[in-house]
1. Given the options ILE354, ILE308, name the one that is out of contact with any Ser or Thr (no Cβ under 9 Å at 6 or more places or on another chain), buried (at least 22 other Cβ atoms within 10 Å of the Cβ) and either under 25 Å from GLN35 (Cα atoms) or not basic (Lys, Arg) (or both).
2. Working only within segment 272-293, note down all residues that are assigned to a helix (DSSP H, G or I) and open to solvent by less than 70 Å² (accessible area, probe 1.4 Å).
3. Among the residues of segment 205-251 satisfying the criterion of being assigned to a loop (DSSP other than H, G, I, E, B) and open to solvent by less than 30 Å² (accessible area, probe 1.4 Å), which is nearest to LEU336 (Cα to Cα)?
4. For segment 154-170, state whether one or more residues are of a type outside the set (Asp, Glu), within 15 Å of the ligand (Cβ to nearest atom) and open to solvent by less than 10 Å² (accessible area, probe 1.4 Å).
5. Tell me which residues, restricted to segment 252-271, are over 25 Å from the mean Cα position of the chain (by Cα) and open to solvent by 90 Å² or more (accessible area, probe 1.4 Å).
6. Restricting to segment 1-35, count the residues that are open to solvent by less than 20 Å² (accessible area, probe 1.4 Å), within 16 Å of the ligand (Cβ to nearest atom) and either of a type in the set (D, E, K, R) or not in a loop (DSSP other than H, G, I, E, B) (or both).
Amino acid sequence: MVRIGMLTSGGDCQSLNATMRGVAKAVYRLYDDAQIIGFEDGYKGLMYSDYRIMEPRDFSGILTEGGTILGTSRQPFKLMTTPDENGLDKVELMKQTYKKLKLHCLVVLGGNGSQKTANLLSKEGLNVIGLPKTIDNDLWGTDMTFGFQSAMNIATNAIDCIHTTAASHGRVFIIEVMGHKVGWLTLQAGMAGGADVILIPEIPYDIHRVAEAVKRRNKAGKRFTIIAVAEGAISKEDAALSKKELKKKKAKGSIYPSVSYEIAAQLEQMTGIDTRVTIPGHTQRGGEPCPYDRALSTRLGAHAAKLIHDGEFGKLVVIQNNEVTSVPLEESAGKLKMVDPKGSMVREAKLVGITFGD
Ligand code: F6P
């Protein structure tokens, strides 16, 4: 009997279930006697032995289901090495569960922080395989993470919906897009939704440049302006601060609930045009996975099963140039994949007239 542990960790996204289904379907075909143990709520389940013995039928009918059938939770990597509320060593707890259940390996569906913990467990001697989850698409080593395309569809739809009302009223509209510290989702949804201005963390913005773009459009007879703002967008002034200074500034708090509201207030004052903010928020992580994600997840999951069968552990399954392959967990862990401000995607966006505020 081969026992495989599986967990979903960190913020959820579409296609977690599709990925687990991909792993399970291939595992059950590759082994006659495999058993999958599903840990509940991510690493917490592994720490405190909250698990379910999964049956093949558990993975049926979930290809199109959003969320995660196992549940998830955020267990920040930096807190992994601090004891839990009972003074117990979390890493030791996870190792004990793994050993107690006589697991052959552990499959971790997670983003950046979760893969750092996966790497830590791998270094501690556990057989670990990572699968790249996140709507942010910021995992180093893979061209694409599952969840991203589905979130892009939702963010694009939000921009599409705003277009008509912005045009009717002749307003400036800001749509704040998720993405944590990177701008992939904003950049791609912004382009897909025909945004006039795109502000992302990788390209600090000058608010005067943004106001100029709005005024230019107005002068050219365009009644509205659509601005896609990444939740992590940063002004040139803030980007010039040291890490310590920025932390201090943030700790003081702001009168604005998010960067978009600050930009909206500044633009209204500088252009005199009615400006509104829309935040699709967690809807971007919700609902069913899009067809692209379902296919990607199936491929990534199947490859994870193959790695298990081949005894290749300590790997993150990735897609590069449309080929599914893997990279060592330690190579990817702790590195953010960011938008290259000089890369082709930004260049093409600029060629069609999109303003980045730089
Ligand atoms: O990492 C995915 C993500 O949705 C980010 O885009 C966002 O910054 C964060 O998670 C939100 O986290 P939470 O669900 O904990 O509010």
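The values are calculated or read from the model by the stated rules, or taken from the named source; none is laboratory data. Everything numeric in this text was worked out from a predicted model, so none of it was measured. As a convention, Cβ positions derive from the backbone with ideal geometry for all residues, glycine included, and neighbour counts pool all protein chains shown. Heads up: the accessible areas ignore ligands, DNA and RNA and are worked out on the full protein's heavy atoms, side chains in. Shrake-Rupley method; radii C 1.70, N 1.55, O 1.52, S 1.80 Å.
1. ILE308
2. GLY281, GLN284, ARG285, ASP293
3. Applying the filter and picking the extreme gives GLY232.
4. Checking segment 154-170: at least one residue is of a type outside the set (Asp, Glu), within 15 Å of the ligand (Cβ to nearest atom) and open to solvent by less than 10 Å² (accessible area, probe 1.4 Å).
5. LYS252, ILE255, GLN269
6. 3
Residues checked against (1) hydroxyl-bearing (Ser, Thr, Tyr); (2) closer than 14 Å to ARG285 by Cα; (3) assigned to a helix (DSSP H, G or I); (4) touching a helix residue (DSSP H, G or I) at 6+ places or on another chain (Cβ under 6 Å):
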residue	(1), (2), (3), (4)
SER150	yes, yes, yes, yes
ASN153	no, yes, yes, no
THR156	yes, yes, yes, yes
ILE159	no, no, yes, no
ILE162	no, no, yes, no
THR165	yes, no, yes, no
ILE175	no, no, no, yes
LYS181	no, no, no, no
GLN188	no, no, yes, yes
